[in-house]
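So the structure is just underneath, and the comments pick up after that.
What follows draws every value from the coordinates through simple rules; no lab data is involved. Because the structure is predicted, anything quoted here is derived from the model rather than measured. Here the Cβ is made from the backbone with ideal geometry for all residues, glycine too, and neighbour counts use every protein chain on show.
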Amino acid sequence: MKMSEAERRAFERFMMNKASERGMLESAKIEGLEAGERIGHEKGLKEGMDQARLEMARAMLAKGEAFEKIKLYAQLSEQEILKLQSPT
């Protein structure tokens, strides 16, 4: 490398900055992936719990359980239970 001392130092700083940038980008990518997985897991868990409450309410309706009991155990609103009662 036919560089002066100042050019060599500037080049080395440039290369160190590039390596640092790559490291930061890789860290950000990993953090983004982890956040996405966490959000996806939380969303999937919520959707699963919602589905389970709906299935519980359907089963209770089929057994003729009282409306108030269904609201209490399935933790659904009156409108949600009424939707389950009506044929779609």
Criterion: without any contact (Cβ under 8 Å) to a residue 40 or more places away in the chain and exposed (fewer than 10 other Cβ atoms within 10 Å of the Cβ) - qualifying residue of Lys29, Lys63, Lys69: Lys63
Could you list, in sequence order, the residues of the range 1-13 that are loosely packed, with under 10 Cβ neighbours inside 10 Å and out of contact with any helix residue (DSSP H, G or I) (no Cβ under 8 Å at 6 or more places or on another chain)? Lys2, Ser4, Glu5, Ala6
Can you tell me which residue among Lys43, Lys18 is charged (D, E, K, R), under 11 Å from the mean Cα position of the chain (by Cα) and surrounded by 10 or more Cβ atoms within 10 Å (Cβ to Cβ)? Lys43
